[in-house]
Amino acid sequence: MSSAERVKLMKGKSRSRRVKVDVLARVEGEGGMYLRLRNGKAEDVKLRIYEPPRFFEAFLRDRTYMEAPDITARICGICPVAYQMSSCHAAEAAFGVKVEGQLRALRRLIYCGEWIESHVLHIYILHAPDFLGYEDAIRMAVDRPEAVERALRMKKVGNDLMTLVGGREIHPINVRVGGFYKAPAKVDLLRFRPRLEETLEEAIETVRLVSGLTFPDFERDYEFVALHHPEEYPLNEGRLVSNRGLDIEISDYEKVFVEEHVEHSNALHSVIRERGPYFVGPMARFNLDFDQLTPKAKVIADEVGFLPPITNPFKGIVVRAIETVFACEEALRLIDAYEPPERPFVEVTPKRARGHGCTEAPRGALYHRYTYDEAGGILTAKIVPPTSQNLMTMEVDLKDYAEAYQGLDDEALTWQCEQAVRNYDPCISCATHFLKLDVDRG
Amino acid sequence: MTHPPHTHPTVLIGVGNPSRRDDGAGNRFVRELRALLGECKNHVRLMESDGDPAALLAAWTGVPLAIVVDASNSGAEPGTVTELDASATSNGHGLRHSTHSMGVMEAVQLGKALGRMPSRLRVFGIEGADFSYGEGLTDKVELAVAGLVGRIAAMLGRGELT
């Protein structure tokens, strides 16, 4: 048989297509994607995370509970507040400390700042170009400068709110276990208030804009997981619930969720024991906690016809926009009710203990667990970011989406698969925190 | 102390990441020049940036002259200093050897698209050798930074950069 005949035979026999993206664009961090379709089935789907492992859980050992918020904030430049909050709450739970009143309010306020800047970055700069047919936001800016200008304005307000409460927008310096090092003056918050009012209006316009985008027809039956609080849309506190009956204290997290190491990734995959993958983030919160949204957020959601359940992951961009409305509204409410606390922090007395913290980062539930010695030194640490909790769900999405849309040519299929990954606003740098690295040199 | 950019005829921006060895060349440049000149001497504003395009636009919009110093990764001999007048660059060409995924080229492209550019933009690239994790510049890059600091300081002294 000649080589030409062999090639023809192989081509004839093989109904295999490969979609391979070495470097995913418009995601935070470094990852790739590999997908093999054979005879109409997605046989092999891998999200390759090759951002190097960062070993935070290891070098937190022998540090103190007071250092954990500042150290873990360095895991992410976009969502440092989430790490600070989860680590603070873990220590406070361990040592029996309650942070209430205006200090609790200030924590929600700085978190609102982070949600605004993170969500706006993703909506306009990372994700909207997909829907509008642009390679990136810079090319989009040529045709739609007003949209990009709006994004830069809104993001700056979120960043400036983080600076106002946290002292710095990247890795805030004012957050500590028990509260803050310094509480802002009421006059400074009131001076900032008009910018939030403008941003609220721009957030409402953002919902109207993105709800008019064209979304691929793709629905899945997910298990959504988020914090739930009876009176407020969750940021720092609540029980962990799901749409399939889960309802647990966060201290029971590790009885229900387990992390697995997969060969093709430096990031661990998280699953619900004996059940499988699950989905955290804005869509989970929206579906599980809609009743706790603020009034204008509910009104705009209703106006554009976005009411739960939302099960198309491409519509996450609309949910993020609605959550941006919530964050602006909530920040205004907190500022209006603000009176400087007598002291910026609650006294903390460490003891030998174990503590759990779980707060809602912009991308979803972020779990921390620490064990401490009698002086508050960290003996062990466990950090589970939202992106690693979503990784297996993302791979299943890719598999189902590729099978459903295999009629597209390779270029279009590749683009849409990348877009499918960006639905989750993955933070790959956060996902690569794990401790153990097995090196097989055999 | 910070000043709105329009109060300074010139803004000097060092772009980089000091935790990635030679990628910190721009940061080192600003720190050494600041030590030599002080913060606001000769009506020049000195600042460091991680390359975030939004921050660069905010710093240089409407300024008569912006100077950016950044590490480059073009394959040239380490320590080579290249200079580009980005005002005349149609779409950031010549800036694509930045070491950042969203860097100076993207900021120039975004600035032109949004009409948020300085009147003049001069970009100095210092070719790096080592971009691995860690602090400290390699020898040739260290020398190149020192040389550029001296050159810029002399230009400032002669009033050529205001």
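Scan region A:363-406 for residues that are assigned to a helix (DSSP H, G or I) and surrounded by fewer than 19 Cβ atoms within 10 Å (Cβ to Cβ) and jot them down. Talk me through it step by step, then tell me what you get.
At the first step, the residues of region A:363-406 found to be assigned to a helix (DSSP H, G or I) are A:386-404.
Answer for region A:363-406, where residues must be assigned to a helix (DSSP H, G or I) and surrounded by fewer than 19 Cβ atoms within 10 Å (Cβ to Cβ): A:VAL396, A:LYS399, A:ASP400, A:GLU403, A:ALA404.
Can you give me the number of residues within region A:67-79 that are in a helix (DSSP H, G or I) and touching a strand residue (DSSP E or B) at 6+ places or on another chain (Cβ under 9 Å)? Give the derivation first.
Going residue by residue through region A:67-79, those that are in a helix (DSSP H, G or I) are A:68-73.
Narrowing further to those that are touching a strand residue (DSSP E or B) at 6+ places or on another chain (Cβ under 9 Å): A:68-70, A:72-73.
Total satisfying the criteria: 5.
Search region A:101-128 for residues being open to solvent by less than 10 Å² (accessible area, probe 1.4 Å) and within 13 Å of chain B (Cβ to nearest Cβ), and hand back the single one that is farthest from the chain's Cα centre (by Cα).
So, considering only residues that are open to solvent by less than 10 Å² (accessible area, probe 1.4 Å) and within 13 Å of chain B (Cβ to nearest Cβ), the one farthest from the chain's Cα centre (by Cα) is A:TYR124.
Taking region A:40-60 on its own, how many of its residues are at pLDDT 80 or above, open to solvent by 30 Å² or more (accessible area, probe 1.4 Å) and over 18 Å from A:CYS417 (Cβ atoms)?
Selection size over region A:40-60: 2.
Does A:ILE272 meet the test of being β-branched (Val, Ile, Thr) and farther than 30 Å from A:VAL207 by Cα?
Values: β-branched (Val, Ile, Thr): yes; farther than 30 Å from A:VAL207 by Cα: yes.
So A:ILE272 passes the test.
Spot the failing condition for A:VAL348; the list is (1) modelled with pLDDT under 95; (2) closer than 30 Å to A:CYS88 by Cα, and only one is missed.
Exception for A:VAL348: condition (1).
One residue is enough: does region B:77-100 have a residue meeting the conditions in contact with an Asp or Glu (Cβ under 9 Å, 6 or more places away or on another chain), assigned to a strand (DSSP E or B) and at pLDDT below 80?
Of all residues in region B:77-100, those in contact with an Asp or Glu (Cβ under 9 Å, 6 or more places away or on another chain) come to B:77-82, B:92, B:95, B:97-100.
Among the residues that remain, those that are also assigned to a strand (DSSP E or B) are: B:81-82, B:98.
Going one step further and asking which of them are at pLDDT below 80, we end up with B:98.
Checked against the condition, which is being in contact with an Asp or Glu (Cβ under 9 Å, 6 or more places away or on another chain), assigned to a strand (DSSP E or B) and at pLDDT below 80, region B:77-100 yields at least one hit.
Could you say which residue among A:ASP252, A:ASP291 is open to solvent by 30 Å² or more (accessible area, probe 1.4 Å) and more than 21 Å from A:LYS382 (Cβ to Cβ)? Working first, answer last.
Working: A:ASP252 fails: more than 21 Å from A:LYS382 (Cβ to Cβ).
Answer to the check: A:ASP291.
Go through region A:140-161 residue by residue and tally those that are at the interface with another protein chain (Cβ under 8 Å from one of its Cβ atoms) and open to solvent by 10 Å² or more (accessible area, probe 1.4 Å).
Residues meeting the conditions: 6.
Identify the single condition in (1) closer than 30 Å to A:HIS89 by Cα; (2) in contact with a helix residue (DSSP H, G or I) (Cβ under 6 Å, 6 or more places away or on another chain); (3) surrounded by 17 or more Cβ atoms within 10 Å (Cβ to Cβ); (4) not hydroxyl-bearing (Ser, Thr, Tyr) that A:GLU237 does not satisfy, given that it satisfies every other one.
(2) is the only condition that A:GLU237 fails.
Which members of region B:118-162 meet the condition of being open to solvent by 40 Å² or more (accessible area, probe 1.4 Å), under 24 Å from B:TRP60 (Cβ atoms), outside any helix (DSSP H, G or I) and modelled with pLDDT under 90?
Hits for region B:118-162 are B:ARG158, B:GLY159, B:GLU160, B:THR162.
Among the residues in region A:162-182, are any under 30 Å from A:GLY376 (Cβ atoms), assigned to a loop (DSSP other than H, G, I, E, B), of a type in the set (D, E, K, R) and away from chain B (no Cβ under 14 Å)? Working first, answer last.
Start the filter on region A:162-182 by keeping residues that are under 30 Å from A:GLY376 (Cβ atoms), which leaves A:162-182.
Add one more test, that the residue is assigned to a loop (DSSP other than H, G, I, E, B), and what stays is A:167-174, A:177-178, A:181-182.
The next check asks that each one be of a type in the set (D, E, K, R); those that pass are A:168-169, A:182.
In the following step, the residues that additionally are away from chain B (no Cβ under 14 Å) were identified as A:182.
Yes, region A:162-182 has at least one match.
The values are calculated or read from the model by the stated rules, or taken from the named source; none is laboratory data. Everything numeric here is computed off the predicted structure, so don't read it as measured data. All Cβ positions, glycine included, derive from the backbone under ideal geometry; neighbour counts span all protein chains shown. Ligands, DNA and RNA are excluded from the accessible area calculation, which covers all protein heavy atoms including side chains. Shrake-Rupley method; radii C 1.70, N 1.55, O 1.52, S 1.80 Å.
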